[in-house]
1. Within a Cβ distance under 14 Å of I153, other residues only, what is the Lys/Arg minus Asp/Glu net charge?
2. Where does each of T99, T63 land when they are ordered by accessible area, with a 1.4 Å probe and the largest first?
3. Accessible area per residue of region 1-119 at 1.4 Å probe, in Å²?
4. Using a 1.4 angstrom probe on heavy atoms only, work out the carbon and sulfur share of the accessible area of the chain in %.
5. At a threshold of 8 angstrom on Cα-Cα distance, excluding pairs fewer than six apart, so keeping six or more, what relative contact order does region 89-135 reach in percent?
6. Region 21-43 to region 136-164: how many Å between their Cα centroids?
7. In nm, what is the difference between 0.36 nm times the number of residues separating A123 and D16 and their Cα-Cα distance?
8. When the chain is fully extended, how far beyond the present Cα-Cα distance does T63 get from A82, taking 0.36 nm per residue of separation?
Amino acid sequence: MAETKRLEIPIEVLQDVFFEAMLAGWVSGATPVNLPELPGARQFCFKEENKYGNIFVLDTYWTFRGSSVSFGFTNIYHNNDAVWHMRYGGEYHKDAIKTVKQALKEAYERQKFFGGRGMISFAHRQKWYHNNPVRGSDFTSFSGRESVELVGIDISLGYHDYSGGLLLAP
């Protein structure tokens with residue numbers, strides 16, 4: 001039986017690169033690359049080289065004209081090995097998007113990992129963002145659900161379920 005490959009970079013370094021990549025991606029307002037071979041797909045790429053080697057982050061997501069459904073994944077590669085992943089998907093009303101973006105940006109700027117998504121709770125322009133990671137979730141293994149509702153009247157503007165973690169043993 002083949003021996004399992006082990007992670008060759010500290011988890012803390014991967015997490016720092018994750019935050020750096022996410023701040024340079026969707027929440028920054030940067031323009032993603034369209035992937036014509038995958039209809040509806042857009043992607044942000046982030047590369048860093050440090051004393052542990054090459055780190056490459058791909059954040060790929062899909063949205064479709066006329067639909068509130070979206071989904072995507074984020075992968076981190078270290079020296080060409082996939083070492084970490086996150087999947088997310090659900091649906092958001094267009095009025096929720098700015099709130100989601102601000103909640104994620106706040107968590108990334110503070111370097112707080114709540115399932116790779118936004119703060120646990122966050123108010124923005126009469127909307128309330130909630131993030132409910134499963135208890136015990138951390139960068140190595142996580143899952144949960146984020147959602148947005150209108151403040152004071154509990155009308156849902158959508159949600160994303162998410163999960164992920166390390167792909168190699170630490």
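The values are calculated or read from the model by the stated rules, or taken from the named source; none is laboratory data. The shown structure was predicted, so the numbers you read here are calculated from the model rather than taken from an experiment. Positions of Cβ are generated from backbone atoms using ideal geometry, with glycine treated the same way; all protein chains shown enter the neighbour counts. When the accessible area is computed, the model is the full protein with side chains, heavy atoms only, and any ligands, DNA or RNA have been set aside. Shrake-Rupley method; radii C 1.70, N 1.55, O 1.52, S 1.80 Å.
1. Computed value for this residue: -2.
2. T63, T99
3. Numbers: 6640 Å² over 119 residues.
Spelled out: the 1.4 Å probe surface of region 1-119, per residue, equals 56 Å².
4. 51
5. 32
6. 21
7. Working: separation 107, 0.36 × 107 = 38.52 nm, distance 2.54 nm.
Length gained, A123 through D16: 36.0 nm.
8. Additional length available on full extension: 4.4 nm.
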